[in-house]
Amino acid sequence: MEGYKPFGVPMRELESVVMSLEEYEALRLADYENLTHEEAAKKMNISRPTFTRLYDKARKNVAKAFVEGKAIVIRGGTFIAGDYWYRCNDCHETIISATPEESCDKCNSDDIRRIDKDDGNGENQPSE
Ligand SMILES: [Zn+2]
């Protein structure tokens, strides 16, 4: 999943809101996994104020896209710890690690993919 696109708007007319992976992760942890900001910040290895800032930004971006009918493009932003980011294809957990990982922390699936690096097509370059 690299983003969302509203139904019924041709791609060429579509404007998009760019969201960083960190913003996406903040939103996922707080609103999907129902973690407290404290817990979520700890999970992402960032301070609580940084988490809250990311989370606010994420919500504003989603609201803007939703209200204005824009697509949401998720791409690497400033990687907080410069670590390896993976997404589990089975349980959708994001794995943030200082070392390369081969399996999911949560469900042990080895069906994980790297999400902080482009796959060679040059479209997913970090913006900063
Ligand atoms: Zn998993």
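Examine the stretch 91-103 for a residue that is modelled with pLDDT under 70 and in a loop (DSSP other than H, G, I, E, B), and state whether such a residue exists. No - not one qualifying residue is present in the stretch 91-103.
Would you confirm whether or not the stretch 43-51 contains a residue that is among the aliphatic types (A, V, I, L, M), open to solvent by 20 Å² or more (accessible area, probe 1.4 Å) and in contact with a helix residue (DSSP H, G or I) (Cβ under 6 Å, 6 or more places away or on another chain)? No: the stretch 43-51 contains no residue that is among the aliphatic types (A, V, I, L, M), open to solvent by 20 Å² or more (accessible area, probe 1.4 Å) and in contact with a helix residue (DSSP H, G or I) (Cβ under 6 Å, 6 or more places away or on another chain).
When residues in the stretch 108-117 are screened for being surrounded by 13 or more Cβ atoms within 10 Å (Cβ to Cβ) and within 12 Å of the ligand (Cβ to nearest atom), 2 of them pass.
The residue pairs whose first member lies in the stretch 2-25 and is buried (at least 19 other Cβ atoms within 10 Å of the Cβ), whose second member is assigned to a helix (DSSP H, G or I), and whose beta carbons are closer than 6 Å, counting only pairs six or more residues apart or on different chains, are Val17/Asn61; Val17/Lys64; Val17/Ala65; Met19/Asn61; Glu22/Leu54; Glu23/Leu54; Glu23/Lys57; Glu23/Ala58.
The values are calculated or read from the model by the stated rules, or taken from the named source; none is laboratory data. Predicted model only: the values in this text are computed from it and were never measured. With ideal geometry, Cβ positions are generated from the backbone for all residues, glycine too; neighbour counts draw on all protein chains shown. With ligands, DNA and RNA removed, areas are computed over all heavy atoms of the protein, side chains included. Shrake-Rupley method; radii C 1.70, N 1.55, O 1.52, S 1.80 Å.
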